[in-house]
Amino acid sequence: MVLKKLEKLRKLIDVASGRKKADLVIKKADIVNVITEEIYTNDIAIADGRIAGIGSYSGIKEIDARNFYAVPGLIDAHTHVEMSMLTLSEFARLIVPKGTTAIVADPHEIANVLGIEGIKFMIQEAKTLPLRYYCMAPSCVPSSNLETSGAKITEKEIEELLSLNEVLGLAEVMSFPDVIAGREEVLRKIIVAEKRDGHAPLVTGKELNAYISVRIETDHESISYEEALEKLRLGMKIMVREGSAAKNLKDLIEIVKTGNRNVMLVTDGDRNLDDLIDEGYLDYVFRRAVEEGVDPIKTLQMCTINPASHYGLDCGIIAPSKFADIVLLENLEKFRVKEVLFNGMRVKQIFENKKRFRYPERAKKSVKANRIKPEDIKIEGNGGRKVRIIGIVEGEIVTEEIVTEVGDRIVDPEKDVLKIVVVERYRSSGRIGKGLVKGFGIKEGALASSISHDSHNLIAVGSDDESICQAVNRVIELQGGIVVVSSKGNTELQLEVAGLMTEKPAERALAKLKEIHKILREIGCKLDSPIISLSFLALPVIPKLKITDYGLIDVDKGKVVDIFID
């Protein structure tokens, strides 16, 4: 091993010094330097997948890059691949040719289903791809003791994950109240990791000081200039999120325009599949920042050298010793890609020649719930005259608590009051949480899914018990997926990997999703993103009223509450 490393170092030195020809030379490119903020014309010499030198070089192979900008491959510093509903292979096929060559993921979605084994599956898959997949060890699996997850990650599992080269630190510490309260369980997780990402929405003042005091270094939840500025002043690095649903760039544009080296641009995994295909990924976020008036080179810093420096990655800059992950652009401001190189190789050729990664069967057998019947989801109460209803807030993952008088019918589609259920999927316990929800607008039928943050039990909403049972039972048969039941029949997308992702090509998955959304509109659904909205109704750490397999959850009180009120 040592001899092999010595040979590679000698070759790199020989190429850099001009004594030996490079494997590849990118000739006469307009190099964008993210350190000095200059653009200058030069050659880039590459040997064994790394940059050997910048200057005048000759190579065994050469690329004429005259009139093209050479920039480092983009790095998304915070994302959740599983939210794309695609396996990492399909996800990479979409994002790498558009210029993103590295990501730092929080794989807490698959971890909630399959534990650390699921994370290892994704790391194994990444080794077959022209994409640098780094990840952080999930800190909140499960997110709450008021839900059933497929696994639990303690400091012991975090230590095991941190022993892997691909795992950089502790992922977003979402349980900020526990940190501020100094609770031992979360502090034990923090202690074992040297690098720690944060998640502190609207935390301010002394509570923010307390949160940062345990050396939590980043935050991607700021929604106002004042919030981000306070965190910057206290030493945090700000990740500005611009996705399909959560769009914070415009509100934080003055923070971004400073070009502060403590600012990064991220997606947070929030890119709908159609947007991912049509508009792009981190390249889209780059273009949005430039459209808002941010200098292109400063924008590039926030997508390359800033995350690379923070996480200690060997990329993010075109310089000797760094990985040869280079994007050639026809236009810098519009980030119009001509060619992408990964380890000094053309990614088009890598994708053409790669073997398809297949997840093992145990990753596709994660739904262990029993079939349900209408009597299983009957709402029985204490005879109270009023009921609690989950009120959806369009475009937000927070909800309202609606209290109203009981009419002739508890579930009334004409008044947009629907039944919602969460079925425990991991232990065949038969536990089902039941509630009411307002905001979907569905007049008939049901929608069921195996995506329900963060524990991903089965969740369904519908106008009648028969339709709900039919939709849930079909998701069980599929071993994960999204199913709409209507008078026209079933419309479905199978998500066979952990009930979260499909191995199908992205274009086929998108066609199925479009069909699902079309049927939902036809049966009265008025939400722009009904599947995403439904998935977050099971997250018991975001106010106000949510639902898990344990029942209706009052998040502020941190307990299960009855549907009926005396």
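Things worth noting here:
- Any hit, the range 486-509, residues being free of Cβ contacts under 8 Å to residues at least 60 places away in the same chain, assigned to a loop (DSSP other than H, G, I, E, B) and more than 20 Å from ILE110 (Cα to Cα): yes
- Yes/no for ALA47 being outside the structural domain of ASN457 (by TED's automatic domain parsing), out of contact with any Asp or Glu (no Cβ under 7 Å at 6 or more places or on another chain) and hydrophobic (A, V, I, L, M, F, W, C): no
- Listed by position, the helices (runs of 4 or more DSSP H) enclosed by the range 242-305 that each have at least 3 residues that are within 18 Å of HIS80 (Cβ to Cβ) are 273-278, 282-291.
- Total residues in the range 125-142, condition of a type in the set (S, T, N, Q) and more than 16 Å from the chain's Cα centre (by Cα): 1
- Set ARG188, ARG183: member being charged (D, E, K, R) and more than 25 Å from TYR550 (Cα to Cα): ARG188
- Criterion (farther than 20 Å from ASN145 by Cα and aliphatic (A, V, I, L, M)) met by exactly one of ILE451, ILE410, ILE397: ILE410
- Candidate set: the range 133-148, residues that are buried (at least 24 other Cβ atoms within 10 Å of the Cβ) and small (Gly, Ala, Ser); chosen: the one modelled with the lowest pLDDT: SER139
- Residue in the range 196-203 that is in contact with a strand residue (DSSP E or B) (Cβ under 8 Å, 6 or more places away or on another chain) and touching a residue at least 60 places away in the same chain (Cβ under 8 Å) present: yes
- The residue list GLU125, GLU109 contains one member that is surrounded by 24 or more Cβ atoms within 10 Å (Cβ to Cβ) and among the acidic types (Asp, Glu), which is GLU109.
- Strands (runs of 3 or more DSSP E) lying entirely in the range 23-78 (those with 1 or more residues that are surrounded by 24 or more Cβ atoms within 10 Å (Cβ to Cβ) and touching a Leu at 6+ places or on another chain (Cβ under 7 Å)): 38-47, 50-55, 69-72
- The range 245-264 - residue that is under 16 Å from the mean Cα position of the chain (by Cα) and touching a residue at least 40 places away in the same chain (Cβ under 8 Å) and, of those, surrounded by the most Cβ atoms within 10 Å (Cβ to Cβ): MET264
- Considering the range 468-507, the residues that are out of contact with any helix residue (DSSP H, G or I) (no Cβ under 9 Å at 6 or more places or on another chain) and surrounded by 24 or more Cβ atoms within 10 Å (Cβ to Cβ) include one that is nearest to LYS368 (Cα to Cα), namely VAL475.
- Close pairs from the range 156-177: first over 18 Å from GLN124 (Cα atoms), partner in a loop (DSSP other than H, G, I, E, B) and of a type in the set (Lys, Arg), Cβ under 9 Å, at least 6 apart: GLY169/LYS195; LEU170/LYS195; SER175/ARG183; PRO177/ARG183
- The strands (runs of 3 or more DSSP E) located wholly in the range 317-435 include none with 2 or more residues which are assigned by TED's automatic domain parsing to the domain that holds THR299.
The values are calculated or read from the model by the stated rules, or taken from the named source; none is laboratory data. As the structure is a computational prediction, the values presented were derived from the model and not from experiment. Virtual Cβ from ideal backbone geometry, glycine too; neighbours counted across all protein chains shown.
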